[in-house]
Amino acid sequence: MKNKSKNISAKLMEAAPVAGLVILLGIFLAIAAAKNVNIPYSFKNIVNQSIITMIVATGAIYIYTLGAFDISLGASMCVSALVGAMAYNATQSVVVMLLVCVGCAVLISLTSSVLASVFNLPVFVTTIAMLSLLNALSLVLIRVNGTGDVIQVPAMAVMKLNTVWFKLLVMAAFTALCVLTFNYMKLGRQQKFTGGNPLCAKLSGLNAKKLSIIGFMMAGLGVGLGAFLTITYAPTLSRNTASSVGMDVIISIVFGGMPVSGGARSKIHAAIVGALSMTLLSQIMLMLNLDSGISQMIKAVIFLAVVYVSMFSSRKTILPR
Amino acid sequence: MKSFRKFFVLCLSFVMMLTLTACSSGGGSADADPTQKTVKIGVLVSDTTSAEALSFRSYYEKYIQSVYNVEFMYSDELTDAAAEQSAIDNFIANNCQAIISFASSDRPAQIEKCEQEGVYYAVATGTLTDDQYEQFKSYSHYVGAIGPDLAAEYQAGYDMAKHFLDQGYTKFGMFTGASVYFTEMHIYRAAGMLAAMCEAGKGDYSGATGYDIVGKIMADGGNVSTGKIGSVEVNGVVSGYDFDDAWFGKLAAVANDPNVDVLLAVGSGQTAFAGFKPEGKMLGDIDCYTADSVALMESGTLNYLAGKFSASIGPIFAATLSAVYGKPVRTAEGNALALSQGYWIATDAEMAKKYFEVDSSTTNPAYTKEKLDTLIGASYDDFAKFVAAYSFEEIQK
């Protein structure tokens, strides 16, 4: 009886992020209707504002599952977008731009993980170094391009791709790949095992370095797609492009109910649920016309509450299954 | 499993209940008189914490919102073009009829978006480039731009340096702020300072004089170099906004350099230099009027201030409201506004105090409702005349 009750409680805790999203949606709809807000337009906004975070965070799940942490995702996306834009301006080809964005982001990610492997450093340390390096690189790229403080792709060139349906298509394709490899292939299981208990995983014959490199490659793919969609949405790029993405990804993953320590309780859908919840919360604050500082404080309180609930649900005497 | 399902059913019921409750309370009737209906105006901001940004916001929220039937909706701090697009989308979803922009990552994209969505758009405290104005001047929803144009920024830098050069100072240290991030406003101010030094020192800055200095700084990646300009010397330059120990160390070194007599800042000079400046040296800054800047002038720490006044954003508000009311202010050819506005310059504490008293008032600011009402539906010429008379004395008349 006691076990059954514990089981129900665990399931409720697991469903809490999705339930939170549903409640936020309800509050959003209620306030929107009361304030006569343009709801269809708002939904378009929610997709536009959350989809890039969703894609990058979904890719980043592979890193977080290993118990690692990449602080340079935003800077990597900025550099990838800048290089992609330069490639478009040189070739006038959107396909080349996409390939360059993805290639550049994957290369940056691989560099971080390979450096960590070669020097036997925690991945987090190498991503801090990469953050500084990439921030400097973005300034160099802008200077080399010689068009003031920005690099631009003509709006007309990407206008046709700046639709909700195209973004959803990219998102669906990437999520499908991630769900397949994470939930239905041994890669996901190995990653969860390594993240949950690295020593045990090592003794079982798993190669943590190889898993780390694959994880970073998947994250790079997400960053590259995010960079491409950023160009289609706002084709004027500066050193500040995607500056908030790194933090948004962390918040989304936590909001989505994934433990920051990674391991067996990692789940791909956490990124999507978290990013949508964050965007809905921002929209609610905006509709209430709250001061930016107050909004930030409310978000911080909710963030802490989510982390507390997440930790509470994971305080078990047995290993998660 | 059953409990799990029940939980979801409960959540969904909650959503439906809230939605239905809200739908039943929504709605309202349109009024024939446009002034009777609250006009929602979105404000795009790229800075939410500086004294200047706060004083602008205070003027709109504490004064304008209390005397006009308007509601301002502010964006978060916008750092890139994508954030600007998202903020505009948010304003449109929330039924804003107009947008006033203080954010400049991608102004053409902002204007295009607003034109496409049928929302009035205006630029505050800045202007478009000549090419941009030519492109957008005939857009029906582009209200226009009022603020210091790049020529005014150049002039502000020139006047500040000249003020000290005229007093016989020849050894300078400079803070060039965001010039290394290619921020044009700061590059033009720095170029103006160097141009004044070229004139006074009868020399050149790396082969350039006058407006050519702008191109030289751009070509050097936004960096200003130290060296002799004829008989004038620039003996220390700090740029960027790193706010780390190394950055503060550089500022302290320049401020205390015995070969520097005057410190000139393109902005944030009070943050950059005031804390390190030894007695006897001069400090000039281009910023805004705050209680702190007045106190610094009173203590002799700050010796020259070219400041924007918070009510300077009043005329662009009036032009925007006029457009929403169906009385857009356009040139004889039907084009949007493009008017330049300069700074209030204080060279002593008394002046700064006088300016600040007016500038910080939330009941009787420089541009009151009485004055702004004359701009609603005004002709272009009257509007231009009003904006051109921006000096403290002219406004107080």
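Relative to the Cα centre, what is the charge dipole magnitude of segment B:151-308, using +1 at the beta carbon of each Lys and Arg, -1 at the beta carbon of each Asp and Glu, and rounding to the nearest 20 debye? Each step should come with its number before you reach the end.
Values: 10 positive and 19 negative charges, 54 e Å.
The dipole magnitude comes to about 260 debye.
With a Förster radius of 35 Å applied to the beta-carbon distance between residue A:177 and residue B:95, the computed FRET efficiency rounds to 0.35. Of the residues B:278, A:61, B:194, the one whose Cα sits farthest toward the positive end of the charge dipole of the protein assembly as shown, with +1 on the Cβ of Lys and Arg and -1 on the Cβ of Asp and Glu, is A:61.
For chain B, the longest principal axis of the Cα atoms and the long axis of helix B:184-201 meet at an angle of about 20 degrees. Taking 12 Å as the straight-line reach from the Cα of residue B:171, the aspartates and glutamates in range (excluding those fewer than 8 positions away in the same chain) are B:233, B:257, B:261.
Exceedance of the 31 Å cut-off in Cα-Cα distance is limited, within the set B:216/B:281; B:37/B:397; A:44/A:210; B:277/B:385; A:44/A:192, to B:37/B:397; A:44/A:210; B:277/B:385; A:44/A:192. Among A:143, A:265, A:239, the largest mean-square fluctuation in a Gaussian network model of chain A, built with springs joining Cα atoms closer than 10 Å, belongs to A:143. Short to long, the 20 Å bins of the Cα pair-distance histogram for chain A hold 31, 57, 12, 0 percent of all pairs.
Assuming charge only on the beta carbon of Lys and Arg (+1) and of Asp and Glu (-1), the dipole of the protein assembly as shown about its Cα centre is about 4840 debye to the nearest 20.
Close amide H contacts of residue B:330 (hydrogens built in the peptide plane, cut-off under 5 Å, sequence separation of 5 or more or a different chain): B:380.
For residue B:237, the residues whose amide H sits under 5 Å from its own are B:174, ignoring neighbours fewer than 5 places away on the same chain, with H placed 1.01 Å from N.
When +1 charges are put on Lys and Arg Cβ atoms and -1 charges on Asp and Glu Cβ atoms, the dipole computed for segment A:52-266 relative to its Cα centre reaches about 500 debye. To the nearest 10 degrees, how steep is helix B:245-255 against the longest Cα principal axis of chain B, on a 0 to 90 scale? Helix B:245-255 sits roughly 50 degrees off the main axis of chain B.
With both labels modelled 7 Å from their Cα along Cα-to-Cβ, the residue B:369 to residue A:93 distance reads 6.3 nm.
Just B:332, B:161, B:253 to compare: in a GNM of chain B, with alpha carbon springs under 10 Å, which one fluctuates most? Result for chain B, Cα springs under 10 Å: B:332 fluctuates most. Once you order the gyration tensor axes a ≥ b ≥ c over the Cα atoms, which shape class does chain B get: rounded for a/c under 1.5, otherwise prolate or oblate by comparing a/b with b/c? Prolate, since a/c reaches 1.5 and a/b exceeds b/c. Evaluating 6.51 cos²θ - 1.76 cosθ + 1.60 at θ = phi - 60° for every residue in segment B:268-285, the Karplus couplings come out as 6, x, 5, 6, 6, 10, 4, x, 10, 5, x, 4, x, 8, 9, 9, x, 9 Hz, glycine and proline recorded as x. 3J(HN,Hα) couplings calculated from phi for segment A:200-213 with the Karplus curve 6.51 cos²θ - 1.76 cosθ + 1.60 (θ = phi - 60°) are, in sequence order, 4, 5, 5, 5, 7, x, 7, 8, 4, 5, 5, 5, 5, 5 Hz; Gly and Pro show x.
Take each residue of peptide A:231-237, count the partner chain Cβ atoms within 10 Å of its Cβ, and average: the result is 5.
For residue B:283, the residues 5 or more places off, or on other chains, whose built amide H falls under 5 Å of its own are B:263, B:303, B:304. Which residue fluctuates the most in chain A, going by a Gaussian network model with Cα springs under 10 Å, if the choices are A:97, A:247, A:185? Fluctuation is largest for A:185. The phi torsions of segment B:212-227, fed into the Karplus equation with coefficients 6.51, -1.76 and 1.60 and a -60° offset, translate into couplings of 4, 5, 4, x, 5, 5, 4, 5, 8, x, x, 8, 10, 9, 7, x Hz, rounded to whole numbers, with Gly and Pro shown as x. The mean number of partner chain beta-carbon atoms within 10 angstrom of a residue's beta-carbon across peptide B:74-80 is 5.
Quick check: from the Cα gyration tensor, does segment A:1-156 come out rounded (a/c under 1.5), prolate or oblate? Because a/c hits 1.5 or more and a/b fails to exceed b/c, segment A:1-156 counts as oblate. Bridge orientation summary for segment B:133-287: considering DSSP beta bridges with both residues in this region, about 25 percent are antiparallel. Summary value for segment A:52-266: 46 percent relative contact order, contacts being C-alpha pairs under 8 angstrom separated by 6+ residues.
Readers should treat all values here as calculations from the given coordinates under stated rules, not as data from a laboratory. Everything numeric in this text was worked out from a predicted model, so none of it was measured. Note that each Cβ is placed from the backbone with ideal geometry, even for glycine, and that neighbours are counted across all protein chains shown.
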